[in-house]
Amino acid sequence: MKGDFPQAMLTRVRRNPIRYTGLAIVLILCFVAIFAEWLAPYAPSDRVDALLPPSWEHLLGTNNMGQDVLSQVIRGTTLSVEIGLMSAVVSIGIGVTIGILAGYYRGWLEQFLLAITDAFIIIPGLPLMIVLVAYTESSALMIVFSISILAWCPMARVIHPRVMAIMDSPFVAASKLLGKSDLFILVHHIIPNCWEIITAKFAMAVGAGMLAEASLSFMGLGDRFSTSWGTIINEAFRYGALLMGYWWWYLMPGLLICISVLAFIMLGYSNNGDTEVLE
């Protein structure tokens, strides 16, 4: 039995290498985000000469304040991942709830919830986020709120027809004839048959949240009291790093944003066969 597990895992990786490659990158990101304070080689208070190029002592050089850029990047992982995860939890939670309610109860409630979803879908996301964050406190919670306020709509639209298909299945009809409660049907039939969609969309929502946070921070609308990859790039461009040739200051945060978003998209990658209705 013990020898079968590695072989089974290897088979699954071969069948879906995209997903498991993304999973490996995501696990590394989460590890760095959790242990950032221990992994960073220098403290924020450690200062040396400003704008030093990469060397063995400072692998990514230093910024205009003489701070180690690698340490900043490592600490910035925490906030970037946190905001991505929190915004995904909120947006996916709202979307799943609305999608399930609309697909389960039908009638006027379905029409009302779908009308609200359609109304939110047509609102442009980035301008709304900019307005919300610019005219309120630029805190992590406000950034999460501004990202999530519209991000739930696609999830609701995907879950709704899925729930309708499950409700029309024979095993749900049998459960109703047996007098099973709505909670029983929700826990034993609806959620298990929507789980693949939920997990895939959740992974993609984390990447979208990280990208949105980086965009807001790059425009100077991020959390002013914390460090993220977006705030590092914002500071570099405000100081003219692109024109002055200080590439080590902004290159790694930019690459990490791209790699992280791609990793979560890869993690959410699923085959069409994953969404078959299960009894």
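The values are calculated or read from the model by the stated rules, or taken from the named source; none is laboratory data. Predicted model only: the values in this text are computed from it and were never measured. A quick note on method: Cβ atoms are made from the backbone with ideal geometry, for glycine too, and the neighbour counts reach across all protein chains shown. Heavy atoms of the whole protein, side chains included, go into the accessibility calculation; ligands, DNA and RNA do not. Shrake-Rupley method; radii C 1.70, N 1.55, O 1.52, S 1.80 Å.
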| query | Could we say that R157 is part of a helix (DSSP H, G or I) and among the basic types (K, R) here? | reply | yes
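Determine which member of the set E213, E196, E279, E235 is within 25 Å of V32 (Cα to Cα), at pLDDT below 95 and either open to solvent by 50 Å² or more (accessible area, probe 1.4 Å) or not in a helix (DSSP H, G or I) (or both). If you could, list the steps in order and put the result at the bottom.
On the way: E213 fails: either open to solvent by 50 Å² or more (accessible area, probe 1.4 Å) or not in a helix (DSSP H, G or I) (or both); E196 fails: within 25 Å of V32 (Cα to Cα); E279 fails: within 25 Å of V32 (Cα to Cα).
E235 is the lone residue from the list that is within 25 Å of V32 (Cα to Cα), at pLDDT below 95 and either open to solvent by 50 Å² or more (accessible area, probe 1.4 Å) or not in a helix (DSSP H, G or I) (or both).
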| said: I'd like the full set of residues that are within 19 Å of M204 (Cβ to Cβ) and open to solvent by 50 Å² or more (accessible area, probe 1.4 Å), limited to region 114-123. | reply: F120, I121
| field | Qualifying positions in region 152-193 - modelled with pLDDT under 90 and in contact with a Gly (Cβ under 7 Å, 6 or more places away or on another chain) | value | M167
| Which listed residue, of L10, L27, is without any contact (Cβ under 8 Å) to a residue 24 or more places away in the chain, loosely packed, with under 13 Cβ neighbours inside 10 Å and under 30 Å from S148 (Cα atoms) | L27
| field | Hits in region 236-252 (condition: touching a helix residue (DSSP H, G or I) at 6+ places or on another chain (Cβ under 8 Å) and aliphatic (A, V, I, L, M)) | value | A236, A241, L242, M252
| Going through region 245-255 one residue at a time, which ones are in a helix (DSSP H, G or I) and open to solvent by 40 Å² or more (accessible area, probe 1.4 Å)? | W247, Y250, L251, M252, L255
| said: I'm trying to understand the selection: among the residues of region 205-229, which are touching a residue at least 40 places away in the same chain (Cβ under 8 Å) and within 14 Å of L126 (Cβ to Cβ)? | reply: A208, G209, L211, A212, E213, A214, S215, L216, M219, L221
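Considering only residues that are of a type outside the set (A, V, I, L, M, F, W, C) and open to solvent by 20 Å² or more (accessible area, probe 1.4 Å), look in region 149-160 and name the one that is nearest to A115 (Cα to Cα).
Here is the first cut: in region 149-160, the ones of a type outside the set (A, V, I, L, M, F, W, C) are 154, 157, 160.
Filter once more, so that each one left must be open to solvent by 20 Å² or more (accessible area, probe 1.4 Å): 154, 157.
Numbers: P154: 13, R157: 11 Å.
The qualifying residue nearest to A115 (Cα to Cα) is R157.
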| field | Residue satisfying condition, being without any contact (Cβ under 8 Å) to a residue 24 or more places away in the chain, surrounded by 19 or more Cβ atoms within 10 Å (Cβ to Cβ) and hydrophobic (A, V, I, L, M, F, W, C), within set V172, V144, V131, V163 | value | V172
| request: Count, please, the residues in region 56-113 that happen to be farther than 30 Å from A173 by Cα, open to solvent by 10 Å² or more (accessible area, probe 1.4 Å) and part of a helix (DSSP H, G or I). | output: 11
